[in-house]
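The values are calculated or read from the model by the stated rules, or taken from the named source; none is laboratory data. Computed from a prediction, not measured in an experiment: that's the story for all the values here. Every residue, glycine as well, gets a Cβ built from its backbone with ideal geometry; the counts of neighbours run over all protein chains shown. Ligands, DNA and RNA are excluded from the accessible area calculation, which covers all protein heavy atoms including side chains. Shrake-Rupley method; radii C 1.70, N 1.55, O 1.52, S 1.80 Å.
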Amino acid sequence: MTVSLALRADSSISAAMQQKIRQIAAELDYTPNHMAKGLIHGKSYNLTIMIGGFLHDDYQHQFVKGVIPYALKRGYIVSMVPLERDLELERAMIEKFTRMQTEGFLIFHCGEPSTYAALQKQGVPFVLYTKYFETLDSDYVVCDDYNGAYAMTEYLIDLGHKDIAFVYDSYLEQSSEVKERRMGYIQALRDRELPYKENNLISFNLFSSNEFVASEILENNRTFIDILTGPNRPTALFACNDILASFIYIAVKRLGLTIPDDISVVGYEGVYLGSVIDPPLTTVATPIQEMGRKACQVLLDKIEGILPQSEYVKIRLKPELVIRESAAALTDSSRNSSK
C-alpha cells in the first residue's frame with residue numbers, strides 16, 4: 001500500500017519516502033499495471049477512436065497525434081477503429097467496444113445519428129470531431145468552417161475572381177462541415193454583391209474505396225469536365241477539402257489546363273499533401289492536432305465527472321488561411337481563356 005500511494009504522489013507519504021520508492025522502481029524497471037488497476041477500480045482506462053473515413057491521408061494521423069499524448073498523460077490508452085464509411089461496421093464496432101468496457105469514444109462518424117442516440121441512452125460518453133449531427137445534441141469539437149470558407153472566398157474575390165465554383169465530395173454533401181463551408185462561400189459572394197450560381201456548386205465523385213485509378217477521374221466526373229471545358233468555365237475552384245483538391249489537380253491537368261494560369265484552385269483542411277503537390281495548394285488550415293487534444297480533454301472530463309454529462313460542450317476552433325501558389329490574381333488573359 002505504501003508503494004502504491006508513493007507512486008501516485010499521495011500526500012500521506014513523505015516526500016523523502018516517495019523519492020526513495022520511485023528510485024527503487026526505476027532501478028527495477030517497474031511499470032504500473034493498468035489492467036490490474038482497472039480491475040480494482042472497475043475501469044478499463046481505454047478510449048476508442050472511431051474513424052468513419054479512410055486512413056490514407058494525413059488528417060486522421062494529425063488528429064491521433066493530438067489525442068494520444070494527452071490521453072497517456074492522463075493515464076489512458078487509445079484504440080483506433082477504421083470504419084471505411086461502413087455504417088454496419090460502425091454499429092458493430094460500437095457495440096463490441098462498449099461490451100469491452102471502453103471508457104468512451106472519439107468519433108468521426110459515418111453519417112447515421114440513430115447509432116449515437118442509442119449510445120447516449122446507454123450513458124456511454126462520446127465526443128464527435130470534425131463534423132456533428134444537426135439532429136442530435138451532443139459534445140463535439142469542430143473547425144469554424146463557415147468563417148473559414150467565408151475568408152477563403154473573400155480572398156479569391158480580392159484576387160479579382162467573380163466566377164468561383166465550390167466543389168464538394170458527393171459522399172459528404174450533407175455532412176455538417178461541407179454544409180457550413182458551402183454556406184460561408186455563398187454568404188461571402190452575397191456580401192460582395194456577386195451573383196450566386198446554382199451550377200457553380202459542383203459534385204465530384206471520389207473513389208469509394210482504397211482502390212484508386214487516376215485515369216477514371218475524368219470518366220466518373222462528366223458534369224465537372226463539361227463545366228471546365230464549356231464556354232464559361234469558372235476562373236477559380238474552391239475544393240471542400242485538400243484531398244479533393246488533389247483530385248481536381250489531376251483532372252484539370254488532364255484537360256490540358258494549368259494551375260493557376262488557366263484556373264485557380266484552393267482547398268480546405270491544411271494536410272501535408274497541399275504543401276507537396278505542384279503548385280503548392282492555397283488552403284484553409286484546420287488546427288487538427290489541437291482538435292484531437294481538445295476532443296480528448298472533453299471526453300476525459302466527462303468520464304471523470306469534471307464536466308456534467310447533462311451539459312454538452314460545443315467547440316469551434318479557428319482556422320487559418322494559408323497562401324501558397326495555386327491561386328493567382330485574375331488577369332485579362334486568364335479572363336479570356338475562361339471563355
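Table: residues versus (1) at pLDDT below 85; (2) on the phi > 0 side of the Ramachandran plot; (3) surrounded by 13 or more Cβ atoms within 10 Å (Cβ to Cβ); (4) among the basic types (Lys, Arg).
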residue: 6; (1), (2), (3), (4): yes, no, yes, no
residue: 41; (1), (2), (3), (4): yes, no, no, no
residue: 44; (1), (2), (3), (4): no, no, yes, no
residue: 64; (1), (2), (3), (4): no, no, yes, no
residue: 91; (1), (2), (3), (4): no, no, yes, yes
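Of all residues in segment 103-124, those satisfying the criterion of being more than 17 Å from the chain's Cα centre (by Cα) and open to solvent by less than 20 Å² (accessible area, probe 1.4 Å) are 104, 115, 116, 119.
Okay, residues lined up against (1) more than 14 Å from the chain's Cα centre (by Cα); (2) closer than 18 Å to residue 175 by Cβ:
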site	(1), (2)
57	no, yes
98	yes, no
131	no, yes
137	yes, yes
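The residue of segment 141-187 that is least open to solvent (accessible area, probe 1.4 Å), among those that are of a type in the set (Phe, Trp, Tyr) and under 18 Å from the mean Cα position of the chain (by Cα), is 168.
Taking only segment 255-279 into account, find how many residues are touching a Pro at 6+ places or on another chain (Cβ under 8 Å) and not in a loop (DSSP other than H, G, I, E, B). Residues that pass the stated criteria total 1.
Does segment 228-248 contain at least one residue that is touching a residue at least 12 places away in the same chain (Cβ under 8 Å), open to solvent by 30 Å² or more (accessible area, probe 1.4 Å), touching a helix residue (DSSP H, G or I) at 6+ places or on another chain (Cβ under 8 Å) and outside the structural domain of residue 69 (by the TED database)? Scanning segment 228-248, I find no residue that is touching a residue at least 12 places away in the same chain (Cβ under 8 Å), open to solvent by 30 Å² or more (accessible area, probe 1.4 Å), touching a helix residue (DSSP H, G or I) at 6+ places or on another chain (Cβ under 8 Å) and outside the structural domain of residue 69 (by the TED database), so the answer is no.
Counting only residues that are assigned to a loop (DSSP other than H, G, I, E, B) and surrounded by 15 or more Cβ atoms within 10 Å (Cβ to Cβ), which one in segment 313-327 is nearest to the chain's Cα centre (by Cα)? Taking the candidates together, the pick is 319. Does residue 132 satisfy being in the same structural domain as residue 59 (by the TED database), of a type in the set (Phe, Trp, Tyr) and open to solvent by 30 Å² or more (accessible area, probe 1.4 Å)? So residue 132 fits the description; yes.
Among the residues of segment 86-133, those identified as within 27 Å of residue 306 (Cα to Cα) and of a type in the set (Asp, Glu) are 95, 103. Of the residues making up segment 304-312, at least one is in contact (Cβ under 8 Å) with a residue 40 or more places away in the chain, assigned by the TED database to the domain that holds residue 63 and over 23 Å from the mean Cα position of the chain (by Cα). Residues in segment 258-268 that are open to solvent by less than 30 Å² (accessible area, probe 1.4 Å) and within 21 Å of residue 214 (Cβ to Cβ): 259, 263, 265, 267. A search for C-beta distances below 6 Å between a residue of segment 179-195 that is in contact (Cβ under 8 Å) with a residue 12 or more places away in the chain and any residue that is open to solvent by 10 Å² or more (accessible area, probe 1.4 Å) and charged (D, E, K, R), counting only pairs 6+ apart in sequence or on different chains, returns 188/154; 194/162.
A quick yes/no check of all residues on (1) of a type in the set (Asp, Glu); (2) part of a helix (DSSP H, G or I); (3) under 13 Å from the mean Cα position of the chain (by Cα):
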residue: 49; (1), (2), (3): no, no, yes
residue: 64; (1), (2), (3): no, yes, yes
residue: 69; (1), (2), (3): no, yes, no
residue: 72; (1), (2), (3): no, yes, no
residue: 78; (1), (2), (3): no, no, no
residue: 81; (1), (2), (3): no, no, no
residue: 85; (1), (2), (3): no, no, no
residue: 90; (1), (2), (3): yes, yes, no
residue: 93; (1), (2), (3): no, yes, no
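Could you list, in sequence order, the residues of segment 114-129 that are farther than 19 Å from residue 302 by Cα and touching a helix residue (DSSP H, G or I) at 6+ places or on another chain (Cβ under 6 Å)? Of everything in segment 114-129, just one residue is farther than 19 Å from residue 302 by Cα and touching a helix residue (DSSP H, G or I) at 6+ places or on another chain (Cβ under 6 Å), namely 115. Scanning segment 245-282 for residues that are within 16 Å of residue 230 (Cα to Cα) and of a type in the set (A, V, I, L, M) returns 251, 252, 255, 257, 263.
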